[in-house]
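Asker: Have a look at this one before I ask anything.
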Amino acid sequence: MKKKILVTGGAGFLGSHLCERLIDEGHEVICLDNYFTGNKNNIVHLIDNTYFELVRHDVTLPYFAEVDEIYNLACPASPIHYQHDPIKTVKTSVLGAINMLGLAKRVGAKILQASTSEVYGDPKVHPQSETYWGNVNPIGPRACYDEGKRCAETLFMNYREQHAINVKIMRIFNTYGPRMDMNDGRVVSNFIIQALRGDDITVYGDGNQTRSFCYVDDNIEGMVRLMESENHITGPVNIGNPVEFTIGELARLVISLTNSKSQIIHMPQPTDDPMQRQPVISEAKLQLDWEPTVVLEEGLKKTIAYFDSLLSDRVSTGLY
Ligand code: NAD
Ligand code: UDP
């Protein structure tokens with residue numbers, strides 16, 4: 001059935017892949033974005049499609065449209081961007097959630113929240129399942145993001161209970177792939193760009209902290225499956241790849257896949273940087289029949305090819 005779907009943050013990394021997937025499935029898509037960290041280049045290939053509509057709008061302000069489903073992805077996701085204007089980050093998560101839930105209530109739409117593994121903070125329980133309440137510093141530099149996302153989850157559950165809205169909460173673990181912003185400071189994009197340019201690879205701390213990296217196609221599959229799941233499945237559901245790597249291992253893998261001469265250097269580790277992160281995905285397996293299919297090496301090769309061609313384009317246009 002053809003649906004009318006709103007994607008907030010649709011010009012961002014995940015949002016653009018989601019818009020593409022939904023258009024390919026024959027739906028009508030409204031892509032809403034304020035272009036803070038998103039980019040028109042990410043969705044330029046969709047603009048000529050009659051069923052794709054691009055709207056410049058900020059989710060901290062109400063938005064009105066008749067839609068069947070809302071994917072609420074609008075929020076900067078990388079530490080340097082969400083810490084740039086922390087108050088705005090909280091407003092984006094909290095007011096954005098209120099505005100989108102209000103819209104869902106008015107039009108009777110189903111709504112999915114892009115939450116995050118950051119709700120677990122620097123976890124004292126490892127690996128992290130959805131029942132763990134987390135270990136977040138409420139006044140630290142990551143709090144604007146972590147607490148904003150935690151409050152958004154609360155709002156989603158409150159709207160479900162008070163107004164019978166059909167809500168879905170997805171806790172996304174580190175996801176990577178083509179269309180990550182090359183300047184947003186996330187570890188996968190940083191290491192690949194540094195390796196391709198032959199620059200030093202900047203490992204923060206001793207590199208023994210861990211992350212579990214999920215390729216974007218797997219993430220989008222999980223997101224769509226969660227939206228389409230039966231009404232009693234609201235989440236939160238962890239969506240991530242449970243294979244854990246240290247940041248040092250990631251640096252060495254990127255160097256080897258790019259045949260780079262780059263050297264690893266160590267820099268100070270950011271305050272409150274989580275030391276371990278690995279999702280338990282039994283809920284996603286059970287409820288959504290979902291698990292990741294792309295191994296890190298395969299996903300990195302595709303991401304390296306993307307950044308390689310982006311850098312070549314920039315060299316040919318004098319932007320290097
Ligand atoms: P991104 O920064 O590429 O995309 C976010 C998009 O939201 C951008 O296009 C940005 O311009 C837009 N945006 C930001 N503030 C806005 C506002 N006030 N109004 C309208 N648009 C706004 O990040 P992403 O990686 O694509 O993340 C998408 C969502 O998934 C975010 O909510 C993020 O918190 C969540 N998430 C992502 C990851 C990951 O690893 N990529 C992990 C956990 C959670
Ligand atoms: N990191 C790093 N070098 C970089 C960027 C990040 O060592 O150039 C580390 C960072 O300290 C963290 C991990 O990589 O331990 C993941 O960082 P990212 O910002 O990608 O995601 P998040 O911390 O939100 O999981």
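Asker: Full-extension gain between Gln287 and Ile47, please, as 0.36 nm times their residue separation minus the C-alpha to C-alpha distance. Can you show the working numbers first?
Answerer: On the way: separation 240, 0.36 × 240 = 86.40 nm, distance 3.45 nm.
Taking 0.36 nm per residue and subtracting the Cα distance, the gain is 83.0 nm.
Asker: Sticking with this one: Regarding region 113-239, what's the average projected area of the Cα-atom convex hull, expressed in nm²? Display every interim value, and only then the final one.
Answerer: Details: hull surface 37.0 nm².
Mean shadow area of the hull around the Cα atoms is 9.2 nm².
Asker: Which cross-chain or sequence-distant (5 or more) residues have an amide H under 5 Å from the amide H of Ile201, H modelled 1.01 Å from N in plane?
Answerer: Gln263, Ile264, Ile265
Asker: Would you mind giving the average projected area, over all directions, of the Cα convex hull of the chain in nm² with one decimal? Each step should come with its number before you reach the end.
Answerer: Working: hull surface 62.6 nm².
Its average projected convex-hull area is 15.7 nm².
Asker: Could I ask something else about it? Between Asn166, Asn39, Asn49, where does the largest GNM mean-square fluctuation fall for the chain, given springs only between Cα atoms within less than 10 Å?
Answerer: Highest fluctuation among the options: Asn49.
Asker: Another one. Quick one: which residues, 5 or more positions from Gln269 or on another chain, have an amide H under 5 Å from its amide H? H modelled 1.01 Å from N in the peptide plane, none for Pro or chain starts.
Answerer: For Gln269, whose amide H was placed from the backbone, the distant partners under 5 Å are Gly205.
Asker: Right, another one. So for region 227-281, what percent of the C-alpha to C-alpha distances run longer than 17 Å?
Answerer: 61
Asker: Of all alpha-carbon pairs in region 262-305, indicate the percentage at a distance above 17 angstrom.
Answerer: 66
Asker: Starting from the Cα-Cα distance between Gln162 and His84, subtract it from 0.36 nm times their residue separation and give me the gain in nm to one decimal. Don't skip to the end; give the middle numbers.
Answerer: Details: separation 78, 0.36 × 78 = 28.08 nm, distance 3.44 nm.
So the extension gain works out to 24.6 nm.
Asker: So how tilted is helix 143-163 from the main axis of the chain? Cα-based, degrees 0 to 90, rounded to 10.
Answerer: 20
Asker: Over the chain, what is the relative contact order in percent, taking alpha-carbon pairs closer than 8 angstrom and at least six residues apart?
Answerer: It rounds to 17 percent for the chain.
Asker: How long is region 199-252 along each principal axis, judged by its Cα atoms, biggest number first, in Å?
Answerer: 48, 19, 15
Asker: Relative to 2.2 N^0.38 Å, what does the C-alpha radius of gyration of region 132-189 come to as a ratio? Two decimals please.
Answerer: 1.45
Asker: Another question, if that's okay. Charges on Cβ only, +1 for Lys and Arg, -1 for Asp and Glu, centred on the Cα centroid of region 90-234; of Pro178, Phe213, Pro141, which one is farthest towards the dipole's positive end?
Answerer: Pro141
Asker: Note down the nm distance, to one decimal, between modelled labels 7 Å out along Cα→Cβ at Met1 and at Thr246.
Answerer: 5.2
Asker: How large is the direction-averaged shadow of the alpha-carbon convex hull of region 1-90, in nm²? The partial results should precede the final answer.
Answerer: Details: hull surface 22.8 nm².
Orientation-averaged projected area of the Cα hull: 5.7 nm².
Asker: Using only DSSP helix segments of four residues or longer, with each worth -39500 (n - 2.57), what per-residue ellipticity at 222 nm results for the chain after dividing by its residue count and rounding to 500?
Answerer: -12500 deg cm²/dmol
Asker: Sticking with this structure for a sec: How big is the charge dipole of the chain about its Cα centre, in debye rounded to the nearest 20, if each Lys and Arg gets +1 on its Cβ and each Asp and Glu gets -1 on its Cβ?
Answerer: Details: 30 positive and 40 negative charges, 87 e Å.
About 420 debye.
Asker: Provide the net charge surrounding Phe13, with neighbours chosen by a C-beta distance below 13 Å and charges set as Lys +1, Arg +1, Asp -1, Glu -1.
Answerer: Net charge around Phe13: -3.
Asker: For region 73-137, just say rounded, prolate or oblate: build the C-alpha gyration tensor, square-root its eigenvalues into a ≥ b ≥ c, call rounded for a/c under 1.5, and beyond that prolate if a/b exceeds b/c, oblate if not.
Answerer: Oblate, since a/c reaches 1.5 and b/c is not below a/b.
Asker: State the extension gain, in nm to one decimal, for the chain segment bounded by Asn231 and His126, taking 0.36 nm per residue of separation less the distance between their alpha-carbons.
Answerer: Roughly 34.8 nm would be gained on extension.
Asker: Let me ask something else about it. Take each of the peptides 219-225, 285-291, average the number of other beta-carbon atoms within 10 Å over its residues, and list them starting from the highest.
Answerer: So the order, starting with the most tightly packed, is 219-225, 285-291.
Asker: How would you classify region 103-149 from its alpha-carbon gyration tensor, with a ≥ b ≥ c the square roots of the eigenvalues: rounded for a/c under 1.5, else prolate if a/b is greater than b/c, otherwise oblate?
Answerer: Since a/c reaches 1.5 but b/c is at least a/b, the shape of region 103-149 is classed as oblate.
Asker: Working from the pairwise distances between different alpha carbons, so that the mean of 1/r is found and then inverted, what is region 164-266's Kirkwood radius in Å?
Answerer: 15.2
Asker: Using a 10 Å cut-off on Cβ atoms, rank the peptides 240-251, 258-269, 92-103, 52-63 from the highest mean neighbour count down.
Answerer: Going by the mean number of other Cβ atoms within 10 Å, highest first, we get 92-103, 240-251, 52-63, 258-269.
Asker: If you don't mind, another one. What residue among Ser260, Thr293, Leu112 has its Cα farthest toward the positive end of the dipole of the chain, where the charges are +1 on Lys, Arg and -1 on Asp, Glu, each on the Cβ?
Answerer: Comparing the listed Cα positions along the dipole, Leu112 ranks first.
Asker: Might you report the magnitude of the Cβ-based charge dipole of region 195-264 about its Cα centre, with Lys and Arg at +1 and Asp and Glu at -1, to the nearest 20 debye?
Answerer: Computed charge dipole of region 195-264: roughly 280 debye.
Asker: Using alpha carbons only, how many degrees (0 to 90, rounded to 10) separate the axis of helix 296-316 from the longest principal axis of the chain?
Answerer: Long axis of 296-316 versus the principal axis of the chain: about 80 degrees.
Asker: For an R0 of 22 angstrom, estimate the FRET efficiency from the Cβ-Cβ distance between Lys91 and Asp272 and round to the nearest 0.05.
Answerer: It comes to 0.55.
All of the numbers you see were taken from the coordinates with simple rules; none came from a lab. These figures come from a predicted structure and were not determined experimentally. When we count neighbours, we look across all protein chains shown, and the Cβ atoms used for this are built from the backbone with ideal geometry, even at glycine.
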